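Trainee: Just dropping this structure here.
Please treat every number below as a calculation from the coordinates, not as lab data. Only a predicted model underlies this, so the values are computations on that prediction, with no experimental measurement involved. Neighbour counts are summed over all protein chains in view; Cβ atoms, including those assigned to glycine, are modelled from backbone coordinates with ideal geometry.
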Amino acid sequence: MTGPRRALVTNDDGIDAPGLRVLAGMARGLGLDVVVAAPAVQFSGSGASIVAGLEERDRIALEQRTLDGAPAFAVGAAPGLIALIAAYGAFGDPPDVVLSGINHGANVGRAILHSGTVGAALTAGINGGRGLAVSLDVGLAAEFGMEPPETEAHWATAAELAARVVPVLLDQQPGTVLNVNVPDREMAELGALRSAPLAEFGIVQTTLTEHTDKHVRISVTDLSDPSEPGTDADLLAGGHPVVTALRSVSETDSPALAALVDGAAPA
């Protein structure tokens, strides 16, 4: 990493989330030119959605702030849309990297498809930047507010891990996206940083608990079966911080498609 680089710091927990402040401080500590732009309200589970507030369909509300001396914006939009408009200069020069998090809860397995934290990083990757999603595994009960946390979350641990990853990420080609998950522990209690493939789903599952003519009700619970050995969810549960390189949306080969096209071709 050479010279000052520009970083957009965002999240899906909202502009007032503690993990956002810690992540922005980490980025400034690395010498990055930091601008913070995060949803004015929580947008968890929004994936890479480009949804804005319903009040204005052709405009996105911005509220200028400062966050520990850094320019900041509370934005009436999902984090994916924030990363998108940042790439077009909405918050100054387009960022070299989008740092998304630190999320209050793990983002592992293929269920990251639904994560607003990961969605912002992926959006950066397909718009000429690099993306890093950072999440802290606070546990299901704390993440969904079912039980109050017994202690303050270890945001500094996640920030220190992220600080190791960011310089490496900035040396990669634009389009590179990494997903980091960190156990909620003191740094000295962590296992070694590991790279890992995504688990088949994740560490939680959503189930349908009630269905009437007028509504459905869902609940989120821990998966009963253990994660596949060596996956991100498995290593995280074992006390290791994990990093996974993600590939964004791209085309792929399909035998069915080939057969369809060949069959439609004129004789």
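Trainee: What distance in nm lies between label points placed 7 Å from Cα along the C-beta direction at Lys214 and Ala258?
Mentor: Label-label distance for Lys214 and Ala258, simple model: 5.4 nm.
Trainee: A further question on this structure: Taking the highest mean first, how do the peptides 126-138, 171-183 order by number of other beta carbon atoms within 10 angstrom per residue?
Mentor: Details: 126-138: 25.0, 171-183: 20.2.
Going from most to least packed, we get 126-138, 171-183.
Trainee: Using 1/(1 + (r/R0)^6) with R0 = 22 angstrom and r between the beta carbons of Leu30 and Ala245, what's the FRET efficiency to the nearest 0.05?
Mentor: Details: r = 20 Å, r/R0 = 0.92.
Once rounded, the FRET efficiency stands at 0.60.
Trainee: Sort His215, His104, His240 so the one with the fewest other Cβ atoms within 10 Å of its own Cβ comes first.
Mentor: Result, fewest neighbours first: His215, His240, His104.
Trainee: Now a separate question. Report P(r) for segment 1-95: all Cα-Cα distances, bin width 5 Å, range 0 to the bin holding the largest distance, values in whole percent.
Mentor: 3, 15, 26, 26, 19, 8, 3, 1, 0
Trainee: Another question about this same structure. What whole-number value in cubic angstrom gives the convex hull volume per residue for the C-alpha atoms of segment 8-51? Please report the intermediate quantities before stating the final value.
Mentor: Numbers: hull volume 3.2 nm³, N = 44.
Dividing the Cα hull volume of segment 8-51 by its residues yields 72 Å³.
Trainee: Would you mind ranking Thr231, Thr151 so that the residue whose beta carbon has the fewest other beta carbons within 10 Å leads the list?
Mentor: Details: Thr231 20, Thr151 7.
Ascending number of Cβ neighbours within 10 Å: Thr151, Thr231.
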